[in-house]
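Here, each number is a calculation from the coordinates, and none is a lab measurement. What you see is a predicted model, and the numbers here were worked out from it, not measured in a lab. Note: ideal-geometry Cβ built from the backbone for every residue, glycine included; neighbour counts use all protein chains shown.
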Amino acid sequence: MKKQRYERPLIKKLEDNMPNKFGMRKEYLPMTHIDDVSVKELIDQYGSPLFVISERKIRDNIRKAKTAFETRYPKVQFAWSYKTNYLNAVCNTFHQEGSWAEVVSEFEYDKAIHNGINGSKIIYNGPDKTEESIVKAINNSSLIHIDHLDEFYTIRDVAIRLNKIARVAIRVNMDTGIYPMWDRFGFNYENGQAWTALNKIMHSDVMNLVGLHTHIGTFMLSPNAYAVAAGKLADLAIGIRDRYKHEIEYIDMGGGFASMNKLRGSYLPGTDINPTINDFAEAITGALISSNFGPGKLPLLILETGRALIDDAAHLLGTVISNKRLSDGRRSTIIDIGVNLLFTSFWYEHNITPAQPFTQYSEDTVVYGPLCMNIDVLRENISLPLLNRGEHVVIQNVGAYNMTQWMQFITLRPRIVMIDMEGNPHVVRERESLERLLEFERMPDHLKDFKL
């Protein structure tokens, strides 16, 4: 008879399944497979930690989002937000589903061109567009969203030098009832900055005003704020029509839609309180259709949503390093995933699930990463079953920003695997190596030799 593993006696409070200030009581089931692929086999083959992306989930998300908007509005175009996750395999999955590219830097612009995107289907946002990248954007007939007047003058000078017409829009910031208001980007609607920029563009003979753009915030929980923003952009568009007899081609509502992740400090899970893509679609399209655009004159509606389409399509697999008691008696578990890989743990309470069967005993636990720094905390408090060294965990909803904001601090960045529609895993990014990092370093001659 196999000797049973010892488990210390534990007094556990019985609960009646009512929520308290921390939300609902957590009932755990092991997450042993992702898209029918074994978590243990993935770790055995590709190592730990490991990012795993579901191609099926990406396609399902973008198709549902398109349905939500296209059933409510006649002309809709999605553009994939490269900064959210610019892994080529992720970008091309969205591009195969019809999404254009939305970029905020020369690096991302070049990446979109490398991925085969026609320049006319690249939206170029951001406050730091280099002159070299503006040359590329004008030559490629890309959509350039002007962020400030200094950028306006640079675009004008480049267009004159190239003897070409730049296709431009302006980014507009506004009061939508949300605090704090994002007013550091673009031109303000209320104080007249937006009209100042529009007038300059309309009196320029080297710019074609093709659209209006806004991005009112991030992880937005109020669909009504988008209705307010859409109404104000529609007001600008109609004002341009009336003043200059000029019809804009599109209104770009940006992104910022909340995913189903749970924000720190929230009592209830994101699935219970966060708006759905249908809620945002109803608010935006309703405002545009109710505006004063004439029959057949509705502009193209562009959406740049990223987080809401990718967060739940990726998981981060890890392994337990050890357990220990803190000085105050709390249980802590250390895993091989640090905040250098899971940057969003600073504002999300990510769900962490065991990847194998476990005892029914559970305990409030602090989950630490492996980094030698005190802020390497993935969860300040989570009810977890007892996990042993070498067992595996799955951290859910990690697809947005973690693979663009990660860094090789103390540990190197791991492999990324994508599971295709047939359930086959593919390495879409190799793990980093010391040799790869040393390629970028240069040693001055006087520092090459030393004696200890």
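A few comments on the model shown:
- Failed criterion for Phe280 (all others in (1) more than 19 Å from Lys75 (Cβ to Cβ); (2) within 17 Å of the chain's Cα centre (by Cα) hold): (1)
- Ile248 being buried (at least 16 other Cβ atoms within 10 Å of the Cβ) and either more than 23 Å from Tyr179 (Cα to Cα) or free of Cβ contacts under 8 Å to residues at least 24 places away in the same chain (or both): yes
- Members of the stretch 87-109 that are of a type in the set (A, V, I, L, M) and farther than 18 Å from Ile302 by Cβ: Leu87, Ala89, Val90
- Residue in the stretch 174-184 that is assigned to a helix (DSSP H, G or I) and either closer than 24 Å to Phe69 by Cβ or touching a helix residue (DSSP H, G or I) at 6+ places or on another chain (Cβ under 8 Å) (or both) present: no
- Yes/no for Met174 being over 14 Å from Asn208 (Cβ atoms) and surrounded by 18 or more Cβ atoms within 10 Å (Cβ to Cβ): yes
Table: residues versus (1) surrounded by fewer than 21 Cβ atoms within 10 Å (Cβ to Cβ); (2) closer than 30 Å to Ser259 by Cα; (3) among the hydrophobic types (A, V, I, L, M, F, W, C); (4) without any contact (Cβ under 8 Å) to a residue 40 or more places away in the chain.
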| position | (1), (2), (3), (4) |
| --- | --- |
| Ile113 | yes, yes, yes, yes |
| Ile122 | no, yes, yes, yes |
| Lys136 | yes, no, no, yes |
| Ser141 | yes, no, no, yes |
| Leu149 | yes, no, yes, no |
| Ile178 | yes, yes, yes, no |
| Met181 | yes, yes, yes, yes |
| Gly192 | yes, no, no, yes |
| Leu212 | no, yes, yes, no |
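- Of the numbered criteria (1) free of Cβ contacts under 8 Å to residues at least 60 places away in the same chain; (2) on the phi > 0 side of the Ramachandran plot, the one Leu198 fails is (2).
- Restricting attention to the stretch 263-290, the residues that are buried (at least 18 other Cβ atoms within 10 Å of the Cβ) and either assigned to a loop (DSSP other than H, G, I, E, B) or touching a strand residue (DSSP E or B) at 6+ places or on another chain (Cβ under 8 Å) (or both) total 8.
- Counting only strands (runs of 3 or more DSSP E) that sit wholly inside the stretch 320-383, those with at least 2 residues that are closer than 22 Å to Met407 by Cβ and among the β-branched types (Val, Ile, Thr) are 331-335.
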